[in-house]
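Read-outs throughout are calculated quantities, based only on the coordinates presented, and are distinct from any laboratory measurement. Everything numeric here is computed off the predicted structure, so don't read it as measured data. We place every Cβ from the backbone using ideal geometry, glycine too, and count neighbours over all the protein chains shown.
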Amino acid sequence: MSDQSVAVGSLVLKNPVLTASGCFGYGLEYDDFYDVALLGGICTKGLSLHPRLGNKPARIAETPGGMLNAIGLANVGVEAFCTEKLPKLRERGVTVVANIFASSVEDFVAIAERLEREDGILAIELNVSCPNVTHGGIEFGKDPRMCAEVTRAVKAATRLPVWVKMSPEAGDIAGVARASEDAGADAITAINTIRGMSIDVEQKKLRLHNRTGGFSGPALRPIALRIVWEIAGAVSIPVIAIGGISTTRDAVEFLLAGATAVQVGTANFVDPCASKRILDGLRAHCEKNGVTAAALVGAAR
Ligand SMILES: Cc1cc2nc3c(=O)[nH]c(=O)nc-3n(C[C@H](O)[C@H](O)[C@H](O)COP(=O)(O)O)c2cc1C
């Protein structure tokens, strides 16, 4: 059997296939379909300091080649995650990456400090695609200095590796990634969704209550691939790719572009077994070609 393990900085993942935040609940929801512990890891739904109900419906709209979501970061909050979800994930041996978000540096730090007290978390992923209320509502991820500030603060608050998740809407994404690396990020994950809209022509009404939503799915993939390529050339820390990955070939494409691992998002809604199917396919691809997963990383560069 070919070796599927990959090193993400100081961490070794048993394979490079993870699930993307917000597209796999807290991992346990997929228990009936397959053993989630087989995956390289799962990224939790974004966790905030306090529970959130999110936006009013409609929160999802399908589009050709993808979907729009305006969930509004509904989640159980970090405390309930630690006491109700994490013990079950630990019991099942699931590799857990905690995705977190906040509207101030202080709250990012408070969430990281709470997670720091728990066993069974592999890394923290910072969702920086949210507004910084103490800096006029500009998204952390759109500004290299703000992204560096939050990365530095979270790094100082935890011993866990910190992954910073890029917003594709940053003007100079490579610059934001470099600033995050300089501030101590252990890996860059890319990309988050891009804002879009949809109108119901018969009703002459916007489909999403929130008006705009984050666009994800297969149509996002070429954009994500271009960004992952750019970031992989700009930083020396590992890059973890996300964006429209639905098949093993899609995952291999990102590894060849320089990603060390991939995250599967929207594809889980189409096929709850998508991440496992991609993982099995990757193993078969490596065996057929007589390579390890790690040997694919950056091979097209
Ligand atoms: C319904 C939904 C909820 C999401 N929630 C989060 C979230 O809480 N935190 C986050 O960082 N990204 C979130 N994302 C973004 C995904 O993790 C991923 O970056 C994006 O969907 C692109 O990947 P995909 O095309 O494979 O879905 C969400 C995406 C969707 C579709």
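Before moving on, here are some points about what is shown:
- Under 26 Å from K288, Cα to Cα: lysines that are on another chain or at least 8 residues apart: K14, K276
- Percent antiparallel among DSSP beta bridges (both partners in the stretch 168-254, rounded to 5): 65
- Cα-based radius of gyration of the stretch 1-114 once divided by 2.2 N^0.38 Å, which approximates compact folds: 1.17
- For the stretch 80-180, pairs of C-alpha atoms spaced more than 20 angstrom apart make up 37 percent of the total.
- Reduced Cα scattering model of the chain, Debye log10 I(q)/I(0), q = 0.14 Å⁻¹: -1.01
- For the stretch 60-219, share of DSSP beta bridges that run antiparallel, in % to the nearest 5: 60
- DSSP beta bridges confined to the chain are antiparallel in about 45 percent of cases.
- Taking the stretch 71-191 as the region of interest, the number of lysine pairs whose Cα atoms are within less than 23 Å, with members eight or more places apart or on different chains, is 4.
- Cα pair distances in the stretch 19-79, grouped into 10 Å bins until the bin that holds the longest one, percent each: 20, 42, 34, 4
- Summing Lys and Arg as +1 and Asp and Glu as -1 over all other residues whose Cβ lies under 10 Å from the Cβ of G46 gives a net charge of +2.
- Histogrammed with a bin width of 10 Å, the alpha carbon distances of the stretch 123-240 distribute as 14, 42, 29, 12, 4, 0 percent, first bin at zero.
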